[in-house]
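One structure, as structure tokens, below. Some questions next.
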Amino acid sequence: MNPATFLSTSRLVIVAGKGGAGKTTVSAAMAVAAGSEGLAALVVEVDDHGDLGRRFDRVGPLGAREVTLVPATARSAEIRGRAILADRALRTYLDGHGLGAVTRRLASGGALELVTSAVPGLGDLLVLGQIRQLVDQDPADIVIVDAPATGHAMTFLSSPAGLARTVSSGPVHDQAELVAAMLTDPKRCQVVLVALPEETPVNEAIEAAEALSELGVSLGMVVANGCTPTDAELADAIEAASVESGLAPPDIEGLLAAGTYAYGRQVDEADQRARLGAGVGAAVAQLPRLAVDDIGARETALLARTLLG
Amino acid sequence: MSSVLRSVVQTRRLVICCGPGGTGKTTTSAALGVAGAKAGRRVVVLTIDPARRLADALGIDGLTNEPTEVVGVGSDGGSLWAMQLDARDTFDEIVRTWSTEPAQAERILTNPYYRTIAGSLSGTQEYMAGEKLLELHQAGFDLVVVDTPPGRHAVDFLDASRRLVAFFDHRLYRTVLAPRHGLLRAVNLAAQAFLRSAARVVGAELIADAVDFFAAFEGMEDDFRARSVRVQALLGDPATAFVVVTSPRPDTIDAAIGLIARLAAEGRATVDAVVVNRVSPRFGPATPAEDRRRSDEYAGTPLGALFRTRAELHERATADEAGIDALRSSLDQTPVLTVPALPDDVHDLRGLAEVASHMVA
């Protein structure tokens with residue numbers, strides 16, 4: 001499936017991957033790509049000090065109140081963004097279930113912390129519950145979630161099914177079943193895995209793809225981020241410069257070493273990309289390695305165009 | 001400067017590697033293990049990350065909750081062992097060891113709450129890592145290297161055993177979940193109200209299982225508390241070293257600086273060394289500007305492509321060095337060691353030995 005079709009057929013896209021792979025960047029680029037396809041996007045981050053705002057040239061992390069990241073124009077639908085935070089999600093949930101008074105009384109004694117530590121996964125479930133609500137009610141055409149980076153993103157996605165089994169009745173059970181049903185419905189939810197084209201990240205992405213398939217969650221797309229294409233001209237240059245010594249400047253050795261090193265990394269990376277594609281059994285889109293480390297709105301737009309090809 | 005890590009692997013008993021995710025912590029831990037084994041010590045590398053990274057780095061098939069020897073690494077009587085923490089298995093072992101009678105162990109191990117939830121109780125994994133540390137320490141290893149879980153809150157690892165104890169010490173736990181510790185259950189109206197509210201949210205069955213579990217646990221909290229104190233003492237021992245691992249990327253440099261500051265500010269640990277992995281290499285003294293100019297001059301010839309390539313590599317190297325300078329200037333005296341990006345990804349013992357040679361040269 002090409003990225004444009006993928007975006008137009010997905011209601012909820014969860015962008016998952018290890019920390020440092022570029023999940024936030026890919027989430028932002030997908031939102032911009034969706035916008036340029038005329039799809040209004042809501043992009044959500046699940047992190048209290050995330051960088052999502054930075055990808056749109058905003059200063060500081062996003063809050064629970066949504067903001068316009070890109071206004072609607074002739075060339076793009078509107079893109080909005082907000083954060084959902086686990087610690088606030090429980091309180092919101094209890095308030096919404098007529099348990100507000102209990103909450104306030106208990107919160108002072110640290111009972112909420114006790115409950116969230118005694119029921120692991122509850123925080124994740126409540127965040128996903130809020131996301132489910134957004135998917136049902138928000139006017140956006142597509143909701144894009146930048147999943148948490150800590151540990152395995154799979155813990156985040158597997159907690160609803162786990163809690164539905166553990167908690168046998170009550171509102172948490174019902175919520176867990178509803179969220180699990182959403183996550184495992186490919187018409188409603190698709191996961192995008194982001195990985196760097198290197199040995200260990202590729203292994204982890206392949207493991208994550210297997211874990212998703214066990215959970216019954218659909219893997220829609222895999223993005224290899226930070227790619228450097230193999231430069232055939234460079235390979236020819238190394239060979240030619242090695243023989244045509246007449247042209248050679250005095251520091252030809254350093255030049256050849258640099259070329260050989262760069263080309264070696266490129267070949268290695270191409271192998272890893274091929275291994276990633278074969279291992280995950282899904283289409284792999286490539287995003288280039290950028291010269292800058294601080295990715296703002298300009299870079300995000302560039303990556304969005306690359307995604308759409 | 002790199003003599004710091006040589007001394008660490010030769011003389012310390014415990015090395016904690018921490019730092020932001022995706023910076024090669026596992027590789028650094030494994031490489032320190034290799035260096036220790038080559039220096040004649042009996043070393044075990046303990047990874048807490050459930051991913052296969054350590055097994056991959058060592059080029060072996062898989063790891064279990066018990067140390068496995070990595071053959072052909074040590075010299076001078078040294079050896080390298082590796083293991084991957086299984087928090088659930090470790091918890092089961094503790095329950096069997098500490099329970100006052102087999103019936104108590106059975107009651108805990110078969111409790112539905114324990115079976116489905118207790119293994120992932122907040123801080124359990126890190127607590128069990130502390131348990132394993134004590135066990136390995138006593139099992140005759142000269143050096144234990146710990147590869148801590150990735151994530152922003154690397155400090156959590158140091159706090160985990162305290163947090164689990166804090167959980168047992170919580171007023172609500174003492175009055176509600178382990179009622180015999182508190183007031184008489186019948187008169188504890190607040191506790192009853194809490195249980196009823198909680199049952200409305202998570203269901204009565206889970207609450208009943210949880211109360212049973214914590215009641216069955218009675219008496220064992222004291223062991224937890226005592227072991228926690230020993231883990232804290234071990235982490236604060238002068239024979240324990242802390243190594244922060246990072247990459248030259250600005251975001252990870254910032255994360256590393258923040259981590260070191262937190263460790264120091266809270267008086268928890270003095271960082272012995274910072275390792276910056278995968279620093280872009282240089283190929284001669286040429287500046288990027290000069291190489292760009294010559295790339296234009298030789299445009300269309302093989303040399304043009306080579307000059308352009310070297311300019312790009314050196315631009316990356318310049319950015320990496322700026323990050324490392326920022327790191328150095330933020331630290332008073334902590335040595336910063338750099339490991340160059342190697343032509344291939346590290347995924348075998350040969351690669352690890354090469355990384356080790358850069359760190360302890």
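Using amide H atoms built 1.01 Å from N in the peptide plane, name the residues 5+ places from A:Val43, or on other chains, whose amide H lies under 5 Å from its own.
Those lying under 5 Å, H to H, from A:Val43 are A:Arg80, A:Gly81, A:Arg82, A:Ile144.
Show the residues, 5+ positions off or on another chain, whose built amide H is closer than 5 Å to the amide H of B:Trp81.
B:Val43, B:Val44, B:Val45, B:Val70
Assuming a viscosity of 1.306 mPa s and a temperature of 10 °C, what translational diffusion coefficient in µm² per second does Stokes-Einstein assign to the stretch A:34-73, Rh being the Kirkwood radius over Cα pairs?
Working: Rh = 11.1 Å.
Diffusion coefficient, whole number: 143 µm²/s.
Then there is this: I'd like the FRET efficiency for B:Ala215 and B:Asp325, computed as 1/(1 + (r/R0)^6) with the beta carbon distance as r and R0 of 51 Å, rounded to 0.05.
Numbers: r = 58 Å, r/R0 = 1.13.
So the FRET efficiency works out to roughly 0.30.
Let me ask something else. Which of the lysines could a cross-linker span from A:Lys187 if the Cα-Cα distance has to be under 27 Å and same-chain partners fewer than 8 positions apart are dropped?
Excluding near neighbours in sequence, the set is A:Lys18, A:Lys23.
Binned at 5 Å from 0, what are the whole-percent values of the Cα-Cα distance distribution for the stretch B:234-308, short to long?
3, 13, 15, 13, 10, 9, 9, 8, 7, 6, 5, 3, 1
How many percent of the alpha carbon pairs in chain B exceed a separation of 35 Å? If you can, show how the numbers build up before the last one.
Values: 23872 of 64980 pairs.
Here the long-distance tail beyond 35 Å is 37 percent of all Cα pairs in chain B.
How big is the Kirkwood radius of the stretch B:199-247, worked out from every pair of different alpha carbons and given in Å to one decimal? The partial results should precede the final answer.
Numbers: mean 1/r = 0.0696 Å⁻¹.
It works out to 14.4 Å.
Rg over Rh of the stretch B:7-47, using C-alpha atoms and the Kirkwood radius, what does it come to?
On the way: Rg = 10.3 Å, Rh = 10.6 Å.
Dividing the radius of gyration by the Kirkwood radius yields 0.97.
Would you grab the residues whose amide H sits under 5 Å from the one on B:Ile16? Only those 5+ places off in sequence or on another chain, please, with H modelled 1.01 Å from N.
Residues meeting the amide H criterion: B:Val146, B:Ala241, B:Phe242, B:Val243.
Tell me, what are the semi-axes, in whole angstrom and largest first, of the equivalent ellipsoid of the stretch A:128-183 as set by the roots of 5 times the Cα gyration tensor eigenvalues? Please report the intermediate quantities before stating the final value.
Values: eigenvalues 84, 54, 10 Å².
Value: 20, 16, 7 Å, ordered largest first.
Given Cα pairs under 8 Å that are at least 6 residues apart, what percent is the relative contact order of chain A? Walk me through the numbers on the way to the answer.
On the way: 519 pairs, mean separation 73.6, N = 309.
Relative contact order here is 24 percent.
When you take every Cα atom in chain A, what is the radius of gyration, and what is Dmax, the widest Cα pair distance, in Å?
So, for chain A, Rg and Dmax equal 22.4, 86 Å respectively.
What does the highest-first list of B:308-321, B:13-26 look like by mean Cβ count within 10 Å?
Working: B:308-321: 20.9, B:13-26: 24.1.
My ranking of the peptides, most packed first, is B:13-26, B:308-321.
Let me ask something else about it. For B:Ala204 and B:Asp237 in the same chain, what is the full-extension length gain: residue separation times 0.36 nm, less their Cα-Cα distance, in nm?
7.3 nm
Further question: How big, in percent, is the set of alpha carbon pairs in the stretch B:308-361 lying more than 12 Å apart? Mind dumping the intermediate values first?
Numbers: 1042 of 1431 pairs.
Within the stretch B:308-361, distances greater than 12 Å cover 73 percent of Cα pairs.
Taking the Cα centre of the stretch A:181-242 as origin and charging only Cβ (+1 Lys, Arg; -1 Asp, Glu), how large is the dipole, in debye to the nearest 20? Before the final figure, lay out each step's value.
On the way: 2 positive and 11 negative charges, 113 e Å.
With only Lys, Arg, Asp and Glu charged at Cβ, the dipole is about 540 debye.
Please report the antiparallel percentage of the DSSP beta bridges confined to the protein assembly as shown, to the nearest 5. Don't skip to the end; give the middle numbers.
Numbers: 6 of 63 bridges.
Looking only at bridges with both residues in the protein assembly as shown, the antiparallel portion is about 10 percent.
Starting from the alpha-carbon convex hull of the protein assembly as shown, give the projected area averaged over all orientations, in nm². Provide the component values of the computation, followed by the final result.
Details: hull surface 125.5 nm².
Dividing the Cα hull surface by four gives the mean projection, 31.4 nm².
Can you give the Rg and Dmax of the stretch A:182-283 based on its C-alpha atoms, in angstrom?
When restricted to Cα atoms, the stretch A:182-283 yields Rg and Dmax of 19.7, 67 Å.
Now for a different question. Over the Cα atoms of the stretch A:137-219, how large are the radius of gyration and the largest Cα-Cα distance (Dmax), in Å?
Every Cα atom of the stretch A:137-219 included, Rg and Dmax give 14.2, 45 Å.
From the Cα trace of the stretch B:1-102, what convex hull volume per residue do you get, rounded to a whole Å³? Display every interim value, and only then the final one.
Working: hull volume 13.6 nm³, N = 102.
Value for the stretch B:1-102: 133 Å³ per residue.
Can I ask one more? When the Debye formula is applied to the Cα atoms of the stretch B:269-335, each taken as the same point scatterer, what base-10 log of I(q)/I(0) results at q = 0.12, 0.14 Å⁻¹?
-0.43, -0.53
Readers should treat all values here as calculations from the given coordinates under stated rules, not as data from a laboratory. Bear in mind that the values here come from a model prediction, so they are computed numbers and not experimental data. Reconstructed Cβ throughout: ideal geometry from the backbone, glycine too, with neighbour counts over all protein chains shown.
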